[in-house]
Amino acid sequence: MSKNPIGLFDSGVGGTSIFKDLHKLLPHESTIYLADSANAPYGPKGKNWIIERSIVNTELLLSKGCKTIVIACNTATTNAIKVLRNNYNVPFIGIEPAIKPASLKSKTRAVGILATRGTFSSELFRKSTKLYCSDVFMVEQIGEGIVDLIEVGKLNSPEMTLLLKSYLEPMLKANIDYLVLGCTHYPYLIPQLKKLLPKSVKIIDSGKAVANQTEAVLRAIHLLNETIKEPKLQFYTNGETSVLETLVPKKAKINFLEF
Ligand code: DGL
């Protein structure tokens, strides 16, 4: 067993949605979360740039003694996880859009997916689509601008409603019955999405699957923390701390750090 923290990183505040699922499942684990908000969004940037930032984030988490790293970002996972696994010995748990369960369950055989440009263009995503979704009509929509609004605290704003309406329109036209949220910022939009979508459309994200996978990996290598002491929940951001404050538990410690 190990009391060392689990490290998580994202391009910004969105990966806190994954932190929440993880903390719920493993409440005794200490965590260190990095929000690379000064460099968000990752989505429109190129693969090499995303790999470089993922390496910076990984090295910082390892320097703080993390026993495993959760890449709480679809864009970083789909572009960089292979390189990270090849270069570091620590286990990496990544997140990918839940297109497999959606395509298995869809009755209308039309599935909507909202993700970043970086995720859609990645080799990993293209491979998974070919493997799991060949007999389903996928309505792929880049969520241009969504991450930017969430990062500046405009989660609930008229600008956001307009963007969401325009992104959902082609999906509704195609009669989707599943909407896959392929970016860790997007689970915060679920209340708004529910208002804009008919009840027949189910929304799925990958947060719980990532938490379960993290537990399984740590258990398999005997690194789960079995103590019941209060864990240390630390958050670091190289951007504004104010938005992060609204999304994490009150007992968490938020620090500004340049990285
Ligand atoms: N949370 C990141 C993801 O899951 C957002 C990517 C971005 O910064 O564009 O893809």
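The values are calculated or read from the model by the stated rules, or taken from the named source; none is laboratory data. As the structure is a computational prediction, the values presented were derived from the model and not from experiment. When we count neighbours, we look across all protein chains shown, and the Cβ atoms used for this are built from the backbone with ideal geometry, even at glycine. Ligands, DNA and RNA are excluded from the accessible area calculation, which covers all protein heavy atoms including side chains. Shrake-Rupley method; radii C 1.70, N 1.55, O 1.52, S 1.80 Å.
Of everything in region 154-181, what is under 21 Å from residue 44 (Cα atoms), open to solvent by 30 Å² or more (accessible area, probe 1.4 Å) and hydrophobic (A, V, I, L, M, F, W, C)? Give them in sequence order.
Answer for region 154-181, where residues must be under 21 Å from residue 44 (Cα atoms), open to solvent by 30 Å² or more (accessible area, probe 1.4 Å) and hydrophobic (A, V, I, L, M, F, W, C): 155, 162, 163.
Within region 218-255, which residues are touching a Leu at 6+ places or on another chain (Cβ under 8 Å) and either at pLDDT below 95 or within 19 Å of residue 29 (Cα to Cα) (or both)?
218, 224, 225, 235, 236, 248, 249, 251, 252, 253, 254
Tally the residues that are in a loop (DSSP other than H, G, I, E, B), open to solvent by less than 40 Å² (accessible area, probe 1.4 Å) and farther than 19 Å from residue 148 by Cβ, restricting the search to region 229-248.
2
Just checking, does region 6-29 include any residue being more than 13 Å from the ligand (Cβ to nearest atom), touching a His at 6+ places or on another chain (Cβ under 8 Å) and either open to solvent by less than 40 Å² (accessible area, probe 1.4 Å) or in contact (Cβ under 8 Å) with a residue 60 or more places away in the chain (or both)?
yes
Taking region 40-76, which residues are within 9 Å of the ligand (Cβ to nearest atom), touching a Ser or Thr at 6+ places or on another chain (Cβ under 7 Å) and either assigned to a loop (DSSP other than H, G, I, E, B) or farther than 18 Å from residue 115 by Cα (or both)?
Within region 40-76, 40, 41, 42, 43, 72, 73 qualify.
So in region 108-127, with the set limited to residues that are outside any helix (DSSP H, G or I) and under 13 Å from residue 138 (Cα atoms), which one is nearest to the ligand (Cβ to nearest atom)?
By that ranking, first place goes to 115.
Being in contact (Cβ under 8 Å) with a residue 24 or more places away in the chain and in a loop (DSSP other than H, G, I, E, B) is the requirement here; does residue 96 meet it?
Yes; evaluated as a whole, the condition is true for this residue.
Go through (1) charged (D, E, K, R); (2) in contact (Cβ under 8 Å) with a residue 60 or more places away in the chain; (3) more than 13 Å from the ligand (Cβ to nearest atom); (4) buried (at least 17 other Cβ atoms within 10 Å of the Cβ) one by one and return the number of the condition residue 151 breaks.
Among (1) charged (D, E, K, R); (2) in contact (Cβ under 8 Å) with a residue 60 or more places away in the chain; (3) more than 13 Å from the ligand (Cβ to nearest atom); (4) buried (at least 17 other Cβ atoms within 10 Å of the Cβ), residue 151 violates only (3).
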